[in-house]
Every structure is written in C-alpha cells, then in structure tokens.
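Novice: Sharing a structure here in structure tokens format.
The values are calculated or read from the model by the stated rules, or taken from the named source; none is laboratory data. In this text the structure is predicted, and so the values were computed from the model without any measurement. Cβ placement follows ideal geometry from the backbone for every residue including glycine, while neighbour counts extend to all protein chains displayed.
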Amino acid sequence: MSMLKTIEVLFETLFSKPMTVKFPYEAIEIPEDYRGEHELDIDKCVGCGLCAEICPNRAVEMVELPEEHKEKYPKTYPRLDLGKCCFCGLCQDICPRKCLKLTKNVFLATPDPSAVIKNPMPKGPQ
Amino acid sequence: MVEQATKMKRLINAIWIFNWFNSCGFCELIPLVGSRWDMERFGMIITGTPRHADVLFIAGYQTLKSIKRAQVIYEQMPDPKAVIALGACTMSGGMYWDSYNTVKRLADYIPVNIYIPGCPPRPEAVFEACMKIFHHVGAVPPHGKKFAKAHKG
Amino acid sequence: MTKQMNEKELITIEHIEPIVSEDTDYNFYFGPAHSGSGNFGVKLRIDGEKVTSARADPGYLHRGFEKLMEYRVPMQNAVLSDRVCILEALNWNLVHAEAVDELTGVEIPQRARYIRVLMAELSRLQSHLIWYGALSLGLGFDTGFKMAFGYRDYILDIFELITGGRVYPAGYICPGGVRRDLPDGSENKIKRVLDQTEEMMQKMKDFDNIVFSRRTKGVGTLRTEDAIRLGATGPVLRACGVETDVRKDDPYEIYDELDFDIPVREEGDAYARCLIREREMEESIKIIKQVLDRIPQGNIREPAKITPPSRVKIPEGEVYVRNELARGEGCAYMRSVGEGEPYRVKIRGPDFLHMIPVLEHLLKGSQIADIPAIYWSLNICPADMDR
Amino acid sequence: MAESLHKESKVIEDISAKFKITGKVQRERRVWVTIDKDNLIALCNFVKELGFEHLSAISVTDWPEEGTFELTYHLWSYSEKILLTIKTKLDRTDPVIDSVIPVWRENAQIHERELHELFGVEFEGNEDLTPLFLEDWDGPPPFRKDFDWKEYVRQQCYDQANERERAYYD
C-alpha cells in the first residue's frame with residue numbers, strides 16, 4: 001500500500017467524526033418496541049395464565065396478591081422473575097388482553113438476585 | 001472489611017478485565033470492546049491472563065467442564081477482585097434450566113459481586129453495572145453461601 | 001578473583017549437554033479462553049516450531065441442545081434455536097422454522113418469505129464482519145478488529161429496530177412466518193447501513209496490506225479431495241475449488257428467484273478463504289438490495305395468533321433441512337410423532353466438522369505462528385459444534 | 001414438481017436393483033431409503049460410487065417402546081444434487097453396528113464418536129470412541145429417552161422448598 005494511500009486514509013479518519021457513542025453523556029435511541037423490563041397493567045389482566053404456560057424459562061408464575069388488595073383483585077396474576085427471563089416477548093405476544101408490555105428499561109443490575117422478582121402490584125397512589 | 005474496601009478503591013480508575021465468556025456474553029462483549037461503545041474510555045482493558053485482571057466478567061451459561069476452569073481463573077486473580085455475572089443463566093440457569101450439563105446458580109461456585117439480568121444484557125447495562133459496583137465497593141459482600149462466611153472474617 | 005576458581009568449576013562448552021531432538025517435543029494446550037470466539041481447546045503436540053499432531057478438546061459449551069428441544073413446543077423452540085450459534089442467530093432460526101414448516105405443511109405468506117431471506121442475509125453479513133474482526137485480532141491487526149466490530153454495530157441497530165433485540169432476535173423467524181412486521185421507514189435505514197458496510201469493505205480492501213496477506217497466503221492449504229473427505233462445507237469448501245452453495249444446489253425460501261453468484265477459488269489456503277468471504281459480503285448486499293425492491297405486501301404469519309402450548313400439534317413425519325449459513329452447511333433433522341413437541345431433533349452445525357476433522361488436519365505440520373491464522377480463517381463458532 | 005422427480009426415482013431404481021430396500025421420494029432432492037443393518041456397508045459403498053460423497057449427518061432416534069435405535073445416515077451428492085437418507089434399525093439393548101469409516105473417513109469417525117457418547121451405540125471398527133463432550137460423566141448415555149432430564153435436574157440442582165424454584169416443579 002503506497003505511502004500516499006496511508007496518509008490519505010489517515011487524514012480521512014482524523015477529521016471524520018468517531019463512531020464512539022459516549023455512553024453516559026450521549027446514548028443511541030432505543031427503538032419503540034424494544035424487549036426490556038416488563039410492565040403489567042393489572043386492571044386489564046384476567047389471570048388466564050397463558051403467559052405462564054408459554055414462557056420457555058418458567059419465569060412467569062401466577063400468584064395471588066397480598067391480603068390488602070385481595071378483595072379488589074381476587075384472581076391470580078403473573079409474577080415475573082427477571083433472573084430467569086430471557087426477554088423473548090412471547091408472553092407479550094400471547095396475552096389476549098395485551099396487558100403485559102415490555103418497556104425500554106435495561107438498567108437492572110443488582111448485587112443480590114432476589115431483587116429482580118417483579119411481584120404484581122396494583123398501580124395505586126401508595 | 002474496611003481494608004478490603006480501600007484496596008478496591010485503588011481499582012476504580014484502571015479496571016483490568018479478564019473475560020470468561022462462554023457463548024452469549026461473547027456476542028455482547030464485542031460491541032463493548034468495539035469502537036462503537038469502546039469500554040476503554042473508562043480504563044476497562046481486556047487482559048490476556050487472569051494474573052493481571054481485577055475484574056472477572058462471567059457471561060452465559062457454564063457447563064460442568066467450563067466451571068472448573070472458571071474457578072481456577074477466579075483463584076488465579078490477585079486479591080482486590082470483583083466478579084460481574086452477565087445474563088440470566090448465571091442467576092438461575094435461565095434458558096437451560098432443564099439441561100443436565102449446565103450450572104444453575106453461579107453463586108455456588110464463584111462469589112459474585114453483581115448480577116446483570118438480560119439475555120444477553122445491553123452494553124449500557126454492563127456500563128451501568130460497572131459504575132454501580134465501583135462507586136460503593138466493599139460495602140457489598142460477595143453473594144454466595146460458601147463465600148459469604150469467609151467474607152465476614 | 002578468578003584465580004581462586006579451580007579448573008573443575010570452570011564451565012567449558014563441552015560440559016553443557018547438547019539438546020537432543022526428542023527433548024524439544026512437548027504438549028501445548030491452545031487454551032480455552034481465546035480472544036476471538038467461545039471456549040474451545042486444542043491439544044497440540046509440538047516438536048520445536050512445528051505442530052506434529054493436534055487433537056480437539058470440545059465440550060465447554062455442550063448444553064444438550066437437541067434434547068432441550070424435545071421438551072418444548074415449536075414457538076419456544078424458535079426462541080431456543082437462535083442460541084445454537086450465537087454469531088448467526090437468525091440463520092439458525094430459519095433452519096428450525098423451515099423444519100417445522102415442512103412438517104406442518106403450512107403455506108408461508110410471500111411477504112414473510114422475503115423478510116426471512118432479508119434477515120438471514122443481514123445475519124450473514126454481520127457474521128462475516130465478526131469473522132473479519134476475529135481474524136484481524138488473531139493476527140494482531142487491531143485496526144481491522146476495532147473497525148469491523150464498530151461497523152457490525154450498525155447492523156445490530158437494524159436487528160434492534162426490526163426484531164426488538166440487539167443480538168438475539170428471540171425467535172423472530174418463527175414457524176409460520178415472522179413474529180413482527182417491518183416497521184415503516186426501515187427500508188431506507190437498511191439501505192443506509194448497507195452503504196456504511198460497503199464503505200467499511202472499501203477500507204477492508206485498502207487495509208489488505210502486506211501483514212495480512214503475508215500471514216495468510218499459503219497457510220493452512222486444504223486440497224479438494226481432503227476437503228470433501230473431511231466434510232468441509234461453505235466458504236472453506238468453495239476456497240478449494242468446489243462450486244457448491246446450498247442456496248443454489250438445494251434452494252429454499254425464495255433463493256431460486258434471486259440472482260447472485262458464488263465466489264470460488266482454487267488455492268484452498270487461508271487467504272483464499274478470506275477473499276471468498278469478502279466476495280460473499282458483496283453478494284449478500286446485492287441480495288438484500290434485490291429483496292428490498294421486491295417485498296410484496298401481505299400478512300406475516302400463517303396462524304396470526306400464537307396457539308397456547310397445550311393445543312399445539314405437529315403432524316407426524318420426518319424432515320431434513322439444509323441451509324447455507326455464514327460458516328457452511330447447517331442442517332436439522334426433525335422427527336415428529338404427532339404431539340406438540342418434536343420427538344427427535346438432530347442439529348448439525350458446519351463447525352462440528354470444521355473444528356474437529358478439518359482443524360486437526362490443517363494444524364498437523366503447520367508452524368506455531370500460523371495457528372491463529374488457520375484457526376480463525378475457518379471462521380469457527382464452538383457453540384454450534386458443542387450444541 | 002412431480003414431473004421433475006425422475007432423477008430421484010432413478011436413484012431408487014439403481015439401489016433397489018442391487019439391494020432389498022424400501023425407498024420413497026419425499027419431495028424433489030429428498031430420497032429416503034430403509035435397509036436392514038447387515039448390508040448397510042455394502043449399500044454405503046455402492047452409493048458412494050453413485051456420487052453421494054458428502055456425509056451430512058448421522059443421527060440416532062431412540063424408540064424405547066419398540067426397543068430399537070433407528071440410525072439415519074444423511075448423504076448429499078454434489079454432482080446429482082440429491083439428499084439420500086439411509087435408515088436402519090438396531091436392537092436397543094446391545095446396539096452394535098459396524099462403522100462406516102471405511103467409506104467416509106474422519107467425517108464418519110467424529111459423528112460416530114459423538115453418538116457413542118450420547119446414545120451408547122457401539123460402532124465396530126471405530127477405534128477412537130473416547131468421550132467427546134463430557135468430562136468424567138458416569139451417568140447413563142444422556143440423550144436416551146429413558147434418562148429424563150427434568151427429573152435429574154430436580155434432584156441435582158433444585159429444591160422444592162426454595163420459593164423461587166417452585167416453578168420448575170410443575
């Protein structure tokens with residue numbers, strides 16, 4: 001490769017914008033239906049259990065709510081264990097009521113594994 | 001406890017990483033090392049031998065054969081060290097929960113400082129985990145029955 | 001000071017025993033943790049600088065894939081199937097989806113066929129970029145490594161846009177079609193990424209410097225009859241002069257309607273394999289452009305809703321699917337007895353034969369310095385060898 | 001589609017002229033042939049001359065109720081561009097068959113070594129049947145149907161009391 005070629009490539013890359021995304025200050029825009037952390041809309045959920053059945057990793061389990069919400073939400077609702085989940089989105093596609101949605105949040109790092117279990121909670125004021 | 005934390009504090013600006021990537025992590029490590037995310041901006045450099053490494057990146061499932069090597073690597077690393085486990089397979093067996101040859105919980109074999117769920121986790125999640133672990137290091141005992149007792153001593 | 005030493009202690013040349021030839025014969029483990037790929041070891045027996053014998057030591061990634069698929073329904077298997085070889089997830093999705101489609105005999109909508117080929121070719125493109133990065137890392141050429149993985153990231157943005165996941169499409173190509181439709185505006189995003197990849201390939205040609213060609217030319221040459229006897233397929237076989245490509249010989253999906261040509265070379269050495277893969281990237285870009293112009297409208301999956309696992313039934317039958325992956329010929333034999341789960345799935349990745357017979361044959365008699373060039377010119381991925 | 005099947009049916013005629021087989025053409029470029037275990041090697045040598053030089057895969061299907069292993073040899077011919085699958089059955093209690101190494105050298109050797117480890121099939125004539133993937137595994141051959149992985153994993157790795165692993169016990 002002749003020396004001229006090297007200098008040309010050198011200047012070309014010297015003045016072109018580097019392709020690095022400087023993460024904490026700038027970030028690439030995550031597209032609309034990215035498969036990240038789950039979000040359950042408990043009012044629409046009828047507790048049919050299809051998401052627990054289709055999940056390949058058995059990360060979804062149907063559980064009751066704690067006592068104080070039992071009378072308002074008597075049925076069983078999906079509890080998502082993100083430690084087992086492979087974020088494939090099958091539960092989101094199979095849900096007949098479309099109440100389980102995968103959001104764009106990916107920042108889930110935790111020192112202890114039990115903190116990633118998402119129990120179904122009503123979206124109340126508390 | 002305190003002296004371990006001070007030792008770890010020195011670690012923050014230059015984090016030398018040894019990656020024991022079984023399979024999934026490898027395809028997510030490349031963007032980290034590549035020029036798009038470029039983890040060397042934070043002083044995170046991949047070293048060839050565990051002897052120079054401070055942080056052990058373990059990603060993907062570990063088979064019975066590869067966990068033996070991972071333990072040897074963990075013991076070879078000099079003392080102020082941290083272990084970052086990427087992916088769901090390290091927390092609970094993940095997608096291969098019913099496979100006869102994979103390790104279900106990494107914490108039984110290697111003390112893990114921080115887990116990153118995700119299959120595999122995004123580069124941003126890995127950066128955020130590194131930020132988390134290195135800012136309040138020492139306060140968090142490594143997770144794992146066998147090793148937690150040793151840590152208290 | 002020297003006078004006090006008596007003659008006995010003076011070491012003369014005759015006292016040092018000559019190194020006899022069998023002392024220079026030792027074992028060497030080409031360690032499991034490589035910089036370029038998953039975990040895989042080769043036990044080498046080395047005499048001086050030459051490798052006298054090599055023996056592959058697989059098993060670091062063995063998770064019993066074929067039996068895991070016997071416990072899951074096809075939709076769950078689709079999610080599982082993109083973890084067979086992590087570097088070309090969508091191609092393995094296509095292998096699994098085609099096996100189930102041929103068993104169920106369902107008629108795939110035409111639009112889904114086009115999207116499938118589009119995604120498979122994009123996955124081949126990014127897999128070749130990984131190969132180029134890993135090979136230049138193995139040869140110590142770090143500019144190529146950083147550049148290849150940087151440009152691959154743009155293709156991952158397309159995967160993220162279309163399938164929702166950067167690296168794992170999570171069964172995007174599923175039995176019956178594809179899981180999601182192309183978001184609008186993705187055509188020109190794909191075209192922009194193709195231009196960036198072409199710009200990178202232009203740089204690749206400029207970088208074709210002495211170091212790169214000197215270290216791979218004449219290294220790891222494979223004769224044609226050895227290649228066929230050892231079971232090499234794909235670029236490794238085309239580098240030995242056999243003009244065969246599963247997309248042309250055993251066409252699947254819509255490959256018989258597209259026109260692309262197969263690069264073939266005669267030398268059969270590592271450099272020929274590199275040139276073939278560079279030409280194949282240009283072919284993939286040509287295919288993607290053709291597919292983008294001809295995508296018809298229509299729905300994207302035959303049974304539009306996902307049937308719950310309890311009511312899924314695969315009709316009885318057996319089928320053998322062969323696909324052209326970036327590394328070679330990936331095949332799946334699926335046997336079903338009418339239940340929801342397949343009765344037996346046999347997956348044979350191209351690297352099962354590239355990493356054990358072909359690699360052992362090539363490493364025998366090569367120099368130690370050539371091991372990385374041979375190893376990464378075969379574009380190996382231990383995940384689909386161990387399964 | 002049907003009219004272009006003469007190439008495939010010609011392969012079946014050539015083979016059935018010499019051997020007692022039951023063959024069928026599944027679709028274009030797919031020919032399935034069943035033969036009994038004894039003259040498998042003769043058939044393999046014959047089809048190798050016919051041009052089937054690429055051994056794509058060897059697979060074993062385990063039929064516990066019938067007490068048989070079903071071996072399938074998938075062969076591809078670069079010249080004819082047809083995939084021929086040879087299927088034989090062998091007894092499950094002592095699965096012994098003679099190896100096809102004389103026909104397809106190292107390619108067959110590595111396939112047989114893997115099937116020996118995962119299914120326990122004995123291949124006579126294949127000297128190197130050492131374990132391939134598993135290191136010091138003393139259990140039964142793992143891919144057999146009677147070795148249930150879910151049971152094995154529940155005893156080895158999980159305990160029902162653990163609230164998080166309850167889901168693995170359906």
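Novice: I'd like to know if the range D:160-169 contains one or more residues that are more than 14 Å from chain C (Cβ to nearest Cβ), closer than 21 Å to C:G64 by Cβ, touching a residue at least 12 places away in the same chain (Cβ under 8 Å) and out of contact with any Gly (no Cβ under 7 Å at 6 or more places or on another chain).
Specialist: yes
Novice: Right, next: Which condition breaks for B:T49 when tested against (1) farther than 16 Å from B:I114 by Cβ; (2) touching a strand residue (DSSP E or B) at 6+ places or on another chain (Cβ under 8 Å); (3) surrounded by 20 or more Cβ atoms within 10 Å (Cβ to Cβ)?
Specialist: (3)
Novice: Next up: Scan the range D:65-83 and tell me whether some residue there is within 14 Å of chain C (Cβ to nearest Cβ), more than 13 Å from the chain's Cα centre (by Cα), touching a residue at least 60 places away in the same chain (Cβ under 8 Å) and part of a strand (DSSP E or B). Walk me through it before giving the result.
Specialist: The first filter runs over the range D:65-83 and keeps only residues within 14 Å of chain C (Cβ to nearest Cβ), leaving D:65-66, D:68-83.
Right, trim to more than 13 Å from the chain's Cα centre (by Cα) and you get D:65-66, D:76-83.
If we keep only those that are touching a residue at least 60 places away in the same chain (Cβ under 8 Å) too, we end up with D:80, D:82.
Of the ones still in play, those that are also part of a strand (DSSP E or B) are D:82.
Yes, the range D:65-83 contains a residue that is within 14 Å of chain C (Cβ to nearest Cβ), more than 13 Å from the chain's Cα centre (by Cα), touching a residue at least 60 places away in the same chain (Cβ under 8 Å) and part of a strand (DSSP E or B).
Novice: Follow-up question, since we're still on this one. Inspect all residues belonging to the range C:260-271 and state whether any of them is in contact (Cβ under 8 Å) with a residue 40 or more places away in the chain, part of a helix (DSSP H, G or I), in contact with a helix residue (DSSP H, G or I) (Cβ under 6 Å, 6 or more places away or on another chain) and within 23 Å of C:L359 (Cβ to Cβ).
Specialist: Applying the first criterion (in contact (Cβ under 8 Å) with a residue 40 or more places away in the chain) to the range C:260-271 yields C:267-271.
Cutting the leftovers down to part of a helix (DSSP H, G or I) gives us C:270-271.
Of the ones still in play, those that are also in contact with a helix residue (DSSP H, G or I) (Cβ under 6 Å, 6 or more places away or on another chain) are C:270-271.
Checking the rest, the ones that are also within 23 Å of C:L359 (Cβ to Cβ) come to C:270-271.
Yes, some residue in the range C:260-271 is in contact (Cβ under 8 Å) with a residue 40 or more places away in the chain, part of a helix (DSSP H, G or I), in contact with a helix residue (DSSP H, G or I) (Cβ under 6 Å, 6 or more places away or on another chain) and within 23 Å of C:L359 (Cβ to Cβ).
Novice: Can you tell me which of (1) under 24 Å from B:Q62 (Cα atoms); (2) facing another protein chain (nearest Cβ under 9 Å); (3) not β-branched (V, I, T) is the one D:R144 doesn't meet?
Specialist: Failing condition for D:R144: (2).
Novice: Something else about it: Could you list all residues from the range C:165-204 that are in a helix (DSSP H, G or I) and either under 25 Å from C:V95 (Cα atoms) or of a type in the set (V, I, T) (or both)?
Specialist: Initial filter on the range C:165-204 (in a helix (DSSP H, G or I)): C:186-204.
C:S186, C:E187, C:I190, C:V193, C:L194, C:T197, listed by residue number.
Novice: Scanning the range B:111-120 for residues that are more than 7 Å from chain A (Cβ to nearest Cβ) and either within 24 Å of B:E40 (Cβ to Cβ) or assigned to a strand (DSSP E or B) (or both), which turns out farthest from the chain's Cα centre (by Cα)?
Specialist: Residues of the range B:111-120 that are more than 7 Å from chain A (Cβ to nearest Cβ), as a first pass: B:111-112, B:120.
Then drop every residue that is not either within 24 Å of B:E40 (Cβ to Cβ) or assigned to a strand (DSSP E or B) (or both), which leaves B:112, B:120.
On the way: B:V112: 7, B:P120: 14 Å.
Filtering the range B:111-120 for residues that are more than 7 Å from chain A (Cβ to nearest Cβ) and either within 24 Å of B:E40 (Cβ to Cβ) or assigned to a strand (DSSP E or B) (or both), the one farthest from the chain's Cα centre (by Cα) comes out as B:P120.
Novice: Okay, moving on. For the range C:334-344, which residues satisfy the criterion of being surrounded by 24 or more Cβ atoms within 10 Å (Cβ to Cβ) and in a strand (DSSP E or B)? Walk me through it before giving the result.
Specialist: So the first thing to find is which residues in the range C:334-344 are surrounded by 24 or more Cβ atoms within 10 Å (Cβ to Cβ), and the list is C:334, C:342.
The one that is surrounded by 24 or more Cβ atoms within 10 Å (Cβ to Cβ) and in a strand (DSSP E or B): C:M334.
Novice: Within the range B:63-81, count every residue that is touching a helix residue (DSSP H, G or I) at 6+ places or on another chain (Cβ under 6 Å) and within 11 Å of another protein chain (Cβ to nearest Cβ). Give the derivation first.
Specialist: Quick first cut of the range B:63-81, residues touching a helix residue (DSSP H, G or I) at 6+ places or on another chain (Cβ under 6 Å) only: B:73, B:76-77, B:80.
With within 11 Å of another protein chain (Cβ to nearest Cβ) added as a condition, the list becomes B:73.
Looking only at that region, the number is 1.
Novice: Here's another thing I want to ask about it. Report yes if some residue within the range A:67-75 is closer than 28 Å to C:S310 by Cβ and surrounded by 13 or more Cβ atoms within 10 Å (Cβ to Cβ); otherwise report no.
Specialist: yes
Novice: Could you tell me whether A:T13 is part of a helix (DSSP H, G or I), at the interface with another protein chain (Cβ under 10 Å from one of its Cβ atoms), without any contact (Cβ under 8 Å) to a residue 40 or more places away in the chain and closer than 27 Å to B:E124 by Cα?
Specialist: Values: part of a helix (DSSP H, G or I): yes; at the interface with another protein chain (Cβ under 10 Å from one of its Cβ atoms): yes; without any contact (Cβ under 8 Å) to a residue 40 or more places away in the chain: yes; closer than 27 Å to B:E124 by Cα: yes.
Criteria met by A:T13.
Novice: For the range A:17-70, enumerate the residues that are acidic (D, E) and within 12 Å of chain C (Cβ to nearest Cβ). Working first, answer last.
Specialist: Start the filter on the range A:17-70 by keeping residues that are acidic (D, E), which leaves A:26, A:29, A:32-33, A:37, A:39, A:41, A:43, A:53, A:61, A:64, A:67-68.
A:E29, A:E32, A:D33, A:E53 - these are the residues of the range A:17-70 that are acidic (D, E) and within 12 Å of chain C (Cβ to nearest Cβ).
Novice: Go through the range D:114-134 and count every residue that is more than 9 Å from chain C (Cβ to nearest Cβ), on the phi < 0 side of the Ramachandran plot and touching a residue at least 12 places away in the same chain (Cβ under 8 Å). Give the derivation first.
Specialist: Filtering the range D:114-134 down to residues more than 9 Å from chain C (Cβ to nearest Cβ) leaves D:115-117, D:119-130.
Narrowing the set further to residues that are on the phi < 0 side of the Ramachandran plot leaves D:115-117, D:119, D:121-124, D:126-130.
Filter again for touching a residue at least 12 places away in the same chain (Cβ under 8 Å), leaving D:115-117, D:119, D:121-124, D:126, D:128-130.
Count: 12.
Novice: I would also like to ask the following. Report, by residue number, each residue of the range D:124-147 that is touching a strand residue (DSSP E or B) at 6+ places or on another chain (Cβ under 6 Å) and either assigned to a helix (DSSP H, G or I) or surrounded by 12 or more Cβ atoms within 10 Å (Cβ to Cβ) (or both).
Specialist: Matches in the range D:124-147: D:G125, D:R144, D:K145.
Novice: Moving on to the next point. How many residues does the range C:61-85 contain that are over 20 Å from the mean Cα position of the chain (by Cα) and either in a helix (DSSP H, G or I) or among the aliphatic types (A, V, I, L, M) (or both)?
Specialist: Counting residues in the range C:61-85 that are over 20 Å from the mean Cα position of the chain (by Cα) and either in a helix (DSSP H, G or I) or among the aliphatic types (A, V, I, L, M) (or both) gives 10.
Novice: Looking at the range C:289-298, can you tell me whether even one residue there is surrounded by fewer than 24 Cβ atoms within 10 Å (Cβ to Cβ) and either within 11 Å of another protein chain (Cβ to nearest Cβ) or polar (S, T, N, Q) (or both)?
Specialist: yes
Novice: Restricting to the range C:126-152, what's the tally of residues that are within 17 Å of the chain's Cα centre (by Cα) and either acidic (D, E) or modelled with pLDDT of 95 or more (or both)?
Specialist: Residues that pass the stated criteria total 0.
Novice: Mind telling me which of the residues C:I155, C:I115 ends up being closer than 16 Å to C:I285 by Cα and more than 19 Å from the chain's Cα centre (by Cα)? Steps first, answer last, please.
Specialist: On the way: C:I155 fails: more than 19 Å from the chain's Cα centre (by Cα).
Testing whether each residue is closer than 16 Å to C:I285 by Cα and more than 19 Å from the chain's Cα centre (by Cα) leaves just C:I115.
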